[in-house]
Every structure is written in structure tokens, then in C-alpha cells.
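The values are calculated or read from the model by the stated rules, or taken from the named source; none is laboratory data. The model shown is predicted, which means the values in this text are computed figures rather than measured ones. Here the Cβ is made from the backbone with ideal geometry for all residues, glycine too, and neighbour counts use every protein chain on show. Areas reflect the complete protein model, heavy atoms only, side chains present, ligands, DNA and RNA absent. Shrake-Rupley method; radii C 1.70, N 1.55, O 1.52, S 1.80 Å.
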Amino acid sequence: MRSLQANFRPFTHASPAAATKSRAAHSRRALVCRAAGKPILEVKGLKAKIAATGQQILNGVNLTVCEGEVHAIMGKNGSGKSTLSKVLVGHPDYIVTAGSATFKGSDLFDLDPEERSHAGLFLSFQSPVEIPGVSNVDFLRMSYNSKKKAMGLPELDPLEFYAYVMPKLELLKMEPIFLNRNVNQGFSGGEKKRNEILQLAVLESDMSILDEIDSGLDIDALRDVATAVNGLRRPDSGVLMVTHYKRLLDYIKPDFVHIMQAGEIITTGGIELVDQLEAGGYASVESMDLAPV
């Protein structure tokens with residue numbers, strides 16, 4: 001995978017006040033999680049840097065996602081949103097320098113990237129890559145069977161898999177011809193995003209990290225993708241969305257909204273945070289008291 005260093009702008013570390021807000025947010029979320037159900041993803045004091053340059057990007061992220069919950073992360077460019085997503089799935093461009101992350105009770109950082117995927121963690125990429133020479137149906141079936149093999153479950157032959165994947169195509173309003181095309185090759189931006197959610201549907205992941213799935217989508221494609229994501233939600237699964245825009249949150253309703261700044265979560269609240277952002281920009285939430293959750 002290509003280096004992502006160029007995608008991140010330098011920034012200053014968060015102020016002591018922001019750090020206090022972040023710790024308070026995690027403490028309150030942890031209490032809510034224990035009351036609401038089991039945590040599926042717990043991140044505590046996570047710090048990470050770019051492997052090639054040593055530049056620190058994450059500066060103590062605290063986050064708890066419970067089963068059945070949808071969380072949204074918003075923030076300025078360079079605040080660390082996409083870095084957090086990639087660190088959680090084990091992207092090799094980043095090194096964890098402090099903190100912990102547990103997924104379904106297990107230490108996430110003890111697992112290789114493919115083991116994290118097999119365990120049920122999924123990342124929808126902001127810019128999906130093309131894979132020339134590999135058909136979509138072969139890629140999807142290999143991914144599905146790899147996970148089933150790791151779980152000790154039966155694999156599907158081509159005909160069985162075709163029957164399995166067809167209802168998922170219909171959910172996303174994708175034509176069967178997509179299965180015969182090379183992975184993302186020649187796809188429009190919207191088609192690539194639909195294809196990412198098709199992978200999510202096939203793998204039936206327990207924790208879905210969706211990195212700007214709304215970028216490049218027209219209103220109809222956004223509605224279809226959001227409908228599919230909502231249709232894939234389960235009481236025992238979680239969703240973490242990274243986005244810049246409220247329009248996605250109008251279709252996939254978050255239980256909690258987090259604001260990132262300088263590599264940590266500084267404020268946590270509900271959809272009212274998004275309304276405040278639209279009214280006054282990020283300066284309006286950076287100076288506010290922490291909203292109760």
C-alpha cells in the first residue's frame with residue numbers, strides 16, 4: 001500500500017484543557033457502555049506515528065463503541081480521523097507508540113491485519129484501490145472463504161457463493177455484471193463506494209469502520225449506500241463512520257458524534273454537535289464545554 005504521509009498536514013498538540021475533555025468523554029462513555037451493553041471496541045490513550053517520518057498523528061485517543069451503536073467522527077483535515085481508522089486495522093504506514101485497543105474483549109494489536117479482518121473488523125477505504133486481473137466475484141469469494149476457513153466453517157464453491165451474493169447485490173441496487181468486472185477497475189467513485197459496502201455485506205463484519213463513504217456519491221447513490229449500511233446493522237455489531245458532512249448522518253443516524261482535533265477526541269455528544277458545526281464551524285465546538293452523553 002502506498003504511503004499516506006502526504007495526506008496529513010502538521011498540527012500542534014492539543015491543549016491541556018482539550019486533553020481533560022477527552023479523558024472526561026471516555027470516562028462518561030465507558031459508564032454509558034456498561035449500562036447499555038457489552039463494548040465491542042475500546043480504545044484507550046491511543047498514540048501513533050507515521051513509520052517513515054516519526055511524525056506523531058494520534059495523541060491519546062479514547063473511544064468506546066458498544067454493540068448496536070453507531071458512532072460518527074468529524075474533524076478538520078489532518079485531525080487524525082483516517083489515521084485512527086487505519087491504525088485500528090493494522091495499516092503498515094503507522095506505528096502504535098502508546099495506549100491499547102480491544103476488539104470483542106481481545107487485544108487488537110496482538111493480531112495481524114488479516115486476523116483482525118477474520119475476527120470481524122472491516123474498513124471501507126476512503127480511496128479504494130483497483131486490482132487489475134482479479135474479478136470482483138473471485139475477490140469476494142476468496143475473502144469470504146478465507147474468513148470462514150479461519151473460523152473453521154465450510155467454504156462455498158462458485159455456485160453456492162453466487163447464490164449467497166445475489167441478495168446482497170440487490171440490497172445495493174448493483175447489477176450482476178459488477179461481479180464479472182475487475183475489482184474497482186474503471187469504476188466511478190460511486191461504484192467503488194458501493195463495491196466497498198458489498199464487501200462489508202459479504203463478510204458480515206461485526207465492527208464496520210466507514211471512512212468517508214459519502215465522498216463522491218450523488219444523492220441517489222448516497223441513499224442506496226446508507227440504506228444498505230442500515231440494513232446490515234445488527235444488535236451485536238457496531239459502526240464507526242468518518243465524515244465531513246451532515247448529509248450522511250441524515251441517513252445513518254449516529255448514537256454519538258465525536259469531534260477530533262490534533263489527534264484526539266476533544267468533544268463527544270449527539271447530533272446537536274453537527275448542527276452546531278454547521279452553524280459556527282469547528283471553532284464553536286472547540287471552545288464549548290463537554291456535552292453530556
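Annotation note: of M207, M151, the sole residue that is in contact (Cβ under 8 Å) with a residue 24 or more places away in the chain, touching a strand residue (DSSP E or B) at 6+ places or on another chain (Cβ under 7 Å) and of a type outside the set (S, T, Y) is M207. Taking the criterion of being among the hydroxyl-bearing types (S, T, Y) and outside any loop (DSSP other than H, G, I, E, B), the only residue of region 228-253 that qualifies is Y251. Mind checking whether some residue in region 254-271 is of a type in the set (S, T, N, Q) and open to solvent by less than 10 Å² (accessible area, probe 1.4 Å)? Yes, that holds for at least one residue.
Scanning region 60-81 for residues that are of a type in the set (S, T, N, Q), within 23 Å of L111 (Cα to Cα) and buried (at least 24 other Cβ atoms within 10 Å of the Cβ) turns up just one, T64.
The set of residues in region 272-282 being open to solvent by 10 Å² or more (accessible area, probe 1.4 Å) and either in contact with a Pro (Cβ under 8 Å, 6 or more places away or on another chain) or closer than 30 Å to V96 by Cβ (or both) consists of L277, Y282. Residues in region 177-227 that are farther than 19 Å from V70 by Cβ, touching a helix residue (DSSP H, G or I) at 6+ places or on another chain (Cβ under 8 Å) and not in a helix (DSSP H, G or I): 7 in all.
Kindly establish whether M166 is closer than 24 Å to D211 by Cα and either of a type in the set (A, V, I, L, M, F, W, C) or not in a loop (DSSP other than H, G, I, E, B) (or both). Here the answer is no, as M166 does not meet what is asked.
Checked against (1) farther than 21 Å from P128 by Cα; (2) open to solvent by less than 60 Å² (accessible area, probe 1.4 Å), D236 meets all criteria but (2).
Cβ-Cβ contacts under 9 Å between residues 6 or more apart (or on different chains), taken from a first residue in region 222-237 that is of a type outside the set (A, V, I, L, M) to a second residue that is in a helix (DSSP H, G or I) and open to solvent by 50 Å² or more (accessible area, probe 1.4 Å), are listed as R223/Y251; D224/L171; T227/L171; T227/Y251; N230/Y251; G231/L171.
Among the residues of region 128-162 satisfying the criterion of being among the acidic types (D, E) and part of a helix (DSSP H, G or I), which is farthest from the chain's Cα centre (by Cα)? My answer is E160.
What number of residues within region 138-181 satisfy the criterion of being among the aromatic types (F, W, Y) and either open to solvent by 80 Å² or more (accessible area, probe 1.4 Å) or more than 20 Å from I197 (Cβ to Cβ) (or both)?
Within region 138-181, residues that are among the aromatic types (F, W, Y) and either open to solvent by 80 Å² or more (accessible area, probe 1.4 Å) or more than 20 Å from I197 (Cβ to Cβ) (or both) number 1.
With (1) open to solvent by 50 Å² or more (accessible area, probe 1.4 Å); (2) at pLDDT 95 or above; (3) over 23 Å from G105 (Cβ atoms) as the list, and K47 as the residue in question, which single condition is left unmet? In the conditions (1) open to solvent by 50 Å² or more (accessible area, probe 1.4 Å); (2) at pLDDT 95 or above; (3) over 23 Å from G105 (Cβ atoms), K47 misses (3) alone. Restricting the first member to region 55-68 and to residues that are acidic (D, E), and the second to residues that are assigned to a strand (DSSP E or B) and open to solvent by 10 Å² or more (accessible area, probe 1.4 Å), the beta-carbon pairs closer than 9 Å and six or more apart or on different chains are E67/P39. Restricting the first member to region 101-114 and to residues that are at positive phi, and the second to residues that are at pLDDT below 95 and open to solvent by 70 Å² or more (accessible area, probe 1.4 Å), the beta-carbon pairs closer than 9 Å and six or more apart or on different chains are K104/K38; G105/K38. Does E115 fit the bill of being out of contact with any Pro (no Cβ under 6 Å at 6 or more places or on another chain), surrounded by 13 or more Cβ atoms within 10 Å (Cβ to Cβ), acidic (D, E) and not in a helix (DSSP H, G or I)? Here the answer is no, as E115 does not meet what is asked. When F103 is tested against the conditions (1) under 30 Å from H258 (Cα atoms); (2) open to solvent by less than 50 Å² (accessible area, probe 1.4 Å); (3) at pLDDT below 95, the lone failure is (3). Of the candidates I95, I131, the single residue that is open to solvent by 20 Å² or more (accessible area, probe 1.4 Å), at pLDDT below 95, among the β-branched types (V, I, T) and farther than 19 Å from A228 by Cα is I131. When we screen V229, V242 for residues that are within 23 Å of G78 (Cα to Cα), under 19 Å from the mean Cα position of the chain (by Cα) and either at pLDDT 90 or above or open to solvent by 50 Å² or more (accessible area, probe 1.4 Å) (or both), the only hit is V242.
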